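Trainee: Below: one structure in structure tokens.
The values are calculated or read from the model by the stated rules, or taken from the named source; none is laboratory data. This is a predicted model, so every value here is computed, not measured. Glycine gets a Cβ as well: all are built from the backbone with ideal geometry, and neighbour counts include every protein chain shown. Quick note on the areas: whole protein, heavy atoms, side chains included, nothing else; ligands and nucleic acids left out. Shrake-Rupley method; radii C 1.70, N 1.55, O 1.52, S 1.80 Å.
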Amino acid sequence: MQQLTAIVTGASEGLGKSFAIELAGRDINLVLVALPGSGLPELASFIRKNFAVTVHHLEIDLTHTESYAEIFTWLKEQHITAHLLINNAGLGNWSWFEDKNIAFYKMQIELNVITPVLLTRLFLAQADASVTSYILNVGSLGGLFLVPKKQVYGATKSFIRYFTKCLQLELYGSNVKLSLLSPGGINTKPELLVMNNTLKGISKATVLEPEQVARIAIDGLLKGKKEIIPGVVNRLLVLLNSLLPAYIKDNIIKRRLNTILVS
């Protein structure tokens, strides 16, 4: 059986790093993509030493337009066909809209929206139609719920949700499986871990470790699930969101906003 190869963007830390290790544990070769100076060579070396897979790494800034084609040009030169694309690279924030400058928002939109769209297009162009290919778009429950201080980030994830759902219809009956990952909070960075540890009750129960999310996501992707929502509490919240009237949800958000303003 042919050994599969996966492209993982934003692979040097957090969820991307967990994706890389999870895939390697399933004997899937890797093409890891992340920013220069983010520790990618060290991660690639660690995986080579601990797993029986081939690991390539490309240090590329995905906010540069020419970088998308560079990845697939390199793959073609190396005679490598990618079978999985994990669109994980993204930029988050927790801030009032006026607290960030326009350069930040431009970068956030480019990385969260333009990058996964164009990488998906290039990936499909090189996919081998004789074998099953897989695409995982990393969204967020922030793209489904209104969350104060997540206005642009949430909007980019809403875009990813719409884009993925539409493309799933277009690819129906093809040999391409496309999944949307919609996680809640993830302890991907030390500052997030500190913040998440202050949460209580349901809010705390929605937060998962990146290793858990990666395992659940890859399981769902390989099974062809349309949407993957890690965590029982998160799935319950999505169900309640579909059942609650709009005015009740608006009141909940307003109360949440007041709490943020007071804190």
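Trainee: Give me the pairs, please: first residue somewhere in the range 1-19 and among the β-branched types (Val, Ile, Thr) and surrounded by 24 or more Cβ atoms within 10 Å (Cβ to Cβ), second residue anywhere and modelled with pLDDT of 95 or more and part of a loop (DSSP other than H, G, I, E, B), beta-carbon distance under 6 Å, and either six or more positions apart or on two chains.
Mentor: As it stands, the answer is Ile7/Ala82; Thr9/Asn88; Thr9/Ala89, since those pairs meet every condition given.
Trainee: For the range 121-147, give me each residue that is at pLDDT 90 or above, within 30 Å of Leu239 (Cα to Cα) and of a type in the set (A, V, I, L, M, F, W, C).
Mentor: Ile135, Leu136, Val138
Trainee: Could you check the range 205-219 and list, in sequence order, the residues that are surrounded by fewer than 20 Cβ atoms within 10 Å (Cβ to Cβ) and part of a helix (DSSP H, G or I)?
Mentor: Ala205, Glu211, Gln212, Arg215, Ile216, Asp219
Trainee: Glu66: open to solvent by 50 Å² or more (accessible area, probe 1.4 Å), among the charged types (D, E, K, R), farther than 17 Å from Tyr134 by Cα and modelled with pLDDT under 95, yes or no?
Mentor: yes
Trainee: Now for a different question. Go through the range 92-146 and give me each residue that's buried (at least 19 other Cβ atoms within 10 Å of the Cβ) and either in contact with a Cys (Cβ under 9 Å, 6 or more places away or on another chain) or without any contact (Cβ under 8 Å) to a residue 40 or more places away in the chain (or both).
Mentor: Gly142, Gly143
Trainee: May I ask you to say which residue of Glu170, Glu191 is modelled with pLDDT of 95 or more, out of contact with any helix residue (DSSP H, G or I) (no Cβ under 7 Å at 6 or more places or on another chain), at negative phi and of a type in the set (D, E, K, R)?
Mentor: Matching residue, one of Glu170, Glu191: Glu170.
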